[in-house]
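The values are calculated or read from the model by the stated rules, or taken from the named source; none is laboratory data. All figures in this text were calculated on a predicted structure; none of them were measured in a lab. When we count neighbours, we look across all protein chains shown, and the Cβ atoms used for this are built from the backbone with ideal geometry, even at glycine. Accessible surface areas use protein heavy atoms only, side chains included; no ligands, DNA or RNA. Shrake-Rupley method; radii C 1.70, N 1.55, O 1.52, S 1.80 Å.
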Amino acid sequence: MIMRQIVLIYFALSAFLFSSCNDFLDKEPDDALTLEMVFNDKQRVEEWLAGIYLNMPFPFWVEHIGGPYLSDDAQLAPALGQWGTEFNWIVTNNQGGVNPTVKPAVDYWGDTYKNVRSAYILMRKIKALPDQGLTEDDVMQMRMEARFLIAYYYNQLLEIYGPFPLITEEIASDASINELMRSRTSYDEIVQWLDKELLELADFFPAVYVNPDRMFGRPNKGICLAVRARMWLYAASPLFNGNPDYADMKNPDGTPIFPTEYDAGKWQKAADASRQLLDLAETGVYELYVEKYKNGEIDPFMSFQNLFLKTADQNKEIIFARPRNEGGNRDIVGNPRGFAGRGGLFGATQNLADAFFMKNGLSPINGLNADGSPVINTSSGYLEEGFTSDPIFYPNTSYNMGGVAAQEGLVTDAGTFMMYANREPRYYISLWHDNQWIPLARRKTNFRHEGIDGGPTHDSPQCGYLVRKAVHPEADPRANKFPYRPSIYLRLGEFYLNYAEALNEAKPGDPDILKYLNRIRERAGIPVYGTAPGQLPVPINQNAMREAIRKERRVELALEANLRYNDIRRWKIAEELFKTPIYGMNRNASDNNFYKRTVYMTRSFEKKNYLWPIYQDYMDNNPNLVQNKFW
């Protein structure tokens, strides 16, 4: 009953800022008594705040701004488009007539203002309730949490749409229409406001709570610094840093919406912001998650697998996670359909599979020929023909892929297609390929045409690969068994790479670039860059280092929320990238012709797609809004 009341109050008081609900705007709401009831009840106050948190999307699920589906990481079955335009955004990558009149899968623009308004109401109305155990300290903590959520949601909106009308205080319910008709605040003004907010919040929150279990998922110093560091990385990137495509975008009063000039100093700000987070981490607050093999060496398989499965008390790589368990979703879509999974909902692409390194640390292919055939890097040892004659074992790992004769370190069994052999550990932890052992099912995957896990159904992997990353090895969809794991939004590994990228742009050749890039490769179990025997040659210049960092991001952060999607947008490479089709295995073959690199889909990415369009209803209700370019 309480939750129903909260929901009713929430929607009554969170009328979207640019709504044309004149009745609401013309008078004071008549639910003031109900609002007083909420903030005179400790439990309801906590539920109000929890409701704002609740709108944070699962990072490993489709609702997260399209997740991997809007990048070249993953592919959904086109048949899912029958369930509505929200799937068309994801399945077809903005094809199929998507335009400003089509509401996106998740209404981040509208929802952000609802969340922000709810947060401002809490900040104004919350008060100590000593007789119920809600102290002044609790009130200050909850106010600051609401303030953080405002900054978090605004930053998310900035990533997707670019500038928006920045509302920095609660707008009265009887405000005039003219007061509501706000123009878009300039990009740099929003960044400066967020920067100030996040630094002040970082000074308020502790680095570690006295009771970390009870406060898990609440903002702390590191979370605020991490959100700020990522914001500056994006602000320094080509999409937002003096992008000439947006130079003529102005509000009705002539104010530029986007920066009109490139500012190289933003890369230094991004590097400094990441450095501030890393300085905190290196006091012992955060560290890369590593498991050791019995000889004391890093176990790259178990380290990368369990990074996404262990809780924060065991995993200091987690910077920000929510306690909600999204494991059921991940385990269902990450298991083969013959094992009661729904693998077609979350299939990886050949494009992603190609990006992973070989176990010698080299890239397997150096692009594609005009006919789609790979330009094979022969020095890597990669092959696209034949099958392994013997099992392949990796040293220094307790991982084993299973099978009848399962042994420690067994990664690929005899009879595995050579494309899948001798790849780096992250490859096997991130992807399911054909003929790979399913431990609980006691059999191997069969993604071929009419195979137990294969097509032609939409519940099979469209490109011949399923996603294994963050899928729990003990999950059993047949028994509805989905072990708990936290929903990770921010982790230290990303910020090693963020720091390396920003520093390479600000100070090429700085030794920290190689230091933090190599820490990721060391944990991954592949050779680092250096001059010692067994190491790979150091990238020779800034451009080569930039390419190395981008390749590392591609595989280390693959299939995590919207990171790849944001990368290809902020680097302004998506138009060129999607000239290459989405490839997969030949899912129409039931024999060994399955292992033929095949075009699955050619997606469309136009210049307009770098930013989402503002929904036309919001444009119609506010004449001062300027639509994003090219829509």
Query - Computed helical MRE - 222 nm, the chain, DSSP H runs ≥ 4 contributing -39500 (n - 2.57), nearest 500 - result: -11000 deg cm²/dmol
Query raised in the report: Under the Karplus relation 6.51 cos²θ - 1.76 cosθ + 1.60, θ = phi - 60°, what is the ordered set of whole-Hz ³J(HN,Hα) values for segment 575-592, x standing for Gly and Pro?
Result: 4, 5, 4, 7, 5, 7, x, 7, 9, x, 6, 7, 5, 8, 9, 9, 10, 5
**Report entry** Net lengthening on full extension, ASN99/GLU385 (0.36 nm per residue, minus Cα-Cα)
**Finding:** 98.6 nm
Report task. Report, as a whole number in µm² per second, the diffusion coefficient that Stokes-Einstein gives for segment 336-483 at 37 °C and 0.692 mPa s using the Kirkwood radius over alpha carbon pairs. Result -> 205
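Based on the Cβ-Cβ distance from LEU129 to GLN192, what FRET efficiency comes out when R0 is 25 Å, to the nearest 0.05? Could you put the intermediate results ahead of the total?
Numbers: r = 36 Å, r/R0 = 1.46.
Efficiency at R0 = 25 Å is approximately 0.10.
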Query - Ranking by accessible area, most exposed first, for VAL208, VAL555 with a 1.4 Å probe - result: VAL208, VAL555
Report task. Please give the per residue accessible area of segment 415-471, computed with a probe of 1.4 Å over protein heavy atoms only, in Å². Result -> 24
Query raised in the report: How much of the calculated P(r) for segment 538-612 lies past 17 Å, in percent of all Cα pairs?
Result: 62
Query - Apportionment of accessible area to carbon and sulfur, segment 396-539, percent (1.4 Å) - result: 50
Report task. With a 1.4 Å probe and every protein chain left in place, tell me how much accessible area HIS458 has, in Å² to the nearest 10. Result -> 50
Query raised in the report: Which sequence of HIS472, HIS449 reflects their accessible areas, 1.4 Å probe, from the largest down?
Result: HIS449, HIS472
Query raised in the report: Using Cα atoms only, what is the angle between the long axis of helix 108-125 and the major principal axis of the chain, expressed in degrees (0 to 90) to the nearest 10?
Result: 50
**Report entry** segment 109-239 - Rg over Rh from alpha carbon coordinates, Kirkwood radius
**Finding:** 1.00
Query - Solvent-accessible area per residue, Å², over segment 201-320 with all protein chains present [probe radius 1.4 Å] - result: 41
**Report entry** Stokes-Einstein diffusion coefficient of segment 99-186, Kirkwood radius over Cα pairs, 20 °C, 1.002 mPa s, in µm²/s
**Finding:** 145
Query raised in the report: Of LYS103/LYS572; LYS127/LYS269; LYS507/LYS572; LYS221/LYS292; LYS127/LYS310, which pairs sit farther than 27 Å apart, going by alpha carbon to alpha carbon?
Result: LYS127/LYS269; LYS221/LYS292; LYS127/LYS310
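Reported to two decimal places, what Rg/Rh ratio describes the chain when computed on Cα atoms with Rh from the Kirkwood expression?
Over the Cα atoms of the chain, Rg/Rh equals 0.97.
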Query raised in the report: Using only Cα atoms, what is the ratio of the radius of gyration of segment 271-428 to 2.2 N^0.38 Å?
Result: 1.24
Requested in this report: Quick one: work out Rg over Rh on the C-alpha atoms of segment 467-579, Rh as Kirkwood radius.
Outcome: 1.05
Query raised in the report: Okay, which of segment 395-434 sit inside 13 Å, backbone N to the point 7 Å along the Cα-Cβ direction of ALA589?
Result: 417-419
Report task. Starting from the residue with the highest accessible area, list SER460, SER379 in decreasing order, probe 1.4 Å. Result -> SER379, SER460
Query raised in the report: When N is the residue count of segment 170-248, what does its C-alpha Rg come to as a fraction of 2.2 N^0.38 Å?
Result: 1.50
Query raised in the report: Over all Cα pairs of segment 252-306, how is the pair count split among 5 Å bins, expressed in % and running from 0 up to the last occupied bin?
Result: 4, 14, 11, 10, 12, 12, 10, 8, 7, 5, 4, 2, 1, 0
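Per residue, how much accessible area does segment 109-191 have with a 1.4 Å probe, in Å²?
Working: 2880 Å² over 83 residues.
Ligands and nucleic acids excluded, the figure is 35 Å² per residue.
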Query raised in the report: Along the three principal axes, how long is segment 576-629 when you take its alpha carbons, biggest first, rounded to the nearest angstrom?
Result: 60, 22, 9
